[in-house]
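For reference, the structure discussed in these notes is given below.
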Amino acid sequence: MIRGLLITADGEVTHGGEELIARWRSDDDSRLWLDLQGEPQPRERALLEDFGCHPLAIEDAHRERHPPKIEEFESHTLILYRGIASFDAELNYVPQQVAFFIGERYLISLHPGIALSLDRLFDNGEGQRLLARSPEFVALRAMYFSAGFYLDSLLEFEEVLSDLEDGLLEGGDDALMRQLIAYRSKLVKMRRVFNYHVGITQELTAYDYRHLPRELDETLHAINDVHERFERLYSLTQMYYEICGDLVDGYISLSSHQLNNTMRILTVITAIFVPLTFLAGIYGMNFAYIPELGYRYAYFILLGVMLLIAVGLVWLFRRWRWI
């Protein structure tokens, strides 16, 4: 699907498709935003080459799972952004690569599936206002909105994390442990993505790209907004990762403590029965001339001695606070 937005110098707004390119070329003061969703790569390549986009930039945009990056070419600037197709409070998310080709008078966005942030700009009319100012504002706002979707789901995950903490205090189990490890794995992946995006916004802040000039206060303000949001996302994922790690460590400590208690009880039981077993072993020998064998009350005396030893050891262990 190809959808476009054309704004002329006098503020006339036209929605359409590929036919807007001819009108854009005929008006040197107009601005164009083309959004390509799920188009075949040969079709995308032909259209981008028609706009004079660099072959290396096109190759990077079509490469699967390319790390987010920003790169400047003579006629445009390329921003590869890791957007989302879906995301929920359980950290189940489906990422998708979004490529922005930012020129002086045009913006071309490429993505294989639905991009919530771009749809929002098209639907609420904000894309028209931003495109009238400059194409880079549309790309920066799309990244800002996308980071907002991430942020909303991460804040919802905080409630899930709180429930996990309560579950651990009430007595964790292996299912809780597996869930925590799964969350840690997802948070590591998300933290890596956000770190890439923080790097992109840091480059935008530090270096003056031709199509995203920092001397304009509005552009620098928009870049700072995106940078602050991704910094917050990175810090949140880092904090949640550390919390999950603390919960895992707490579960392991709790399990070790319970195991130690169990082993201590077993050790006490063993210590009590060792002397009793020793006595039973001695008097269980099949010798004819055991001194006490012929004594009438020897059996009861031996039972009394064994009982006295057991009671004495229990009293001693309780005094030592072993049980």
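The values are calculated or read from the model by the stated rules, or taken from the named source; none is laboratory data. This is a predicted model, so every value here is computed, not measured. Here the Cβ positions follow ideal geometry from the backbone for every residue, glycine too, while neighbour counts run over all protein chains shown. SASA here: full protein model, heavy atoms, side chains in, ligands and nucleic acids out. Shrake-Rupley method; radii C 1.70, N 1.55, O 1.52, S 1.80 Å.
General observations
- Residues within region 303-323 that are closer than 26 Å to G284 by Cβ and not in a helix (DSSP H, G or I), tallied: 0
- Residue list for region 10-31, filter: polar (S, T, N, Q) and within 19 Å of G125 (Cβ to Cβ): T14, S30
- Residue ranges of strands (runs of 3 or more DSSP E) in region 6-91 with at least 2 members out of contact with any helix residue (DSSP H, G or I) (no Cβ under 6 Å at 6 or more places or on another chain) and of a type in the set (D, E): 69-72
- Single match in L91, L107, L47 (criterion: of a type in the set (A, V, I, L, M) and on the phi > 0 side of the Ramachandran plot): L91
- For region 225-242, the criterion of being of a type outside the set (V, I, T), part of a helix (DSSP H, G or I), over 27 Å from H111 (Cα atoms) and open to solvent by less than 20 Å² (accessible area, probe 1.4 Å) is met by at least one residue.
- Residue check, G245 under 30 Å from M177 (Cβ atoms), under 18 Å from the mean Cα position of the chain (by Cα) and modelled with pLDDT of 75 or more: yes
- Positions within region 100-119 being among the small types (G, A, S) and crowded, with 16+ Cβ neighbours inside 10 Å, in sequence order: G103, S109, A115, S117
- Residue within region 203-215 that is open to solvent by 50 Å² or more (accessible area, probe 1.4 Å), of a type outside the set (G, A, S), in a helix (DSSP H, G or I) and at pLDDT 80 or above present: no
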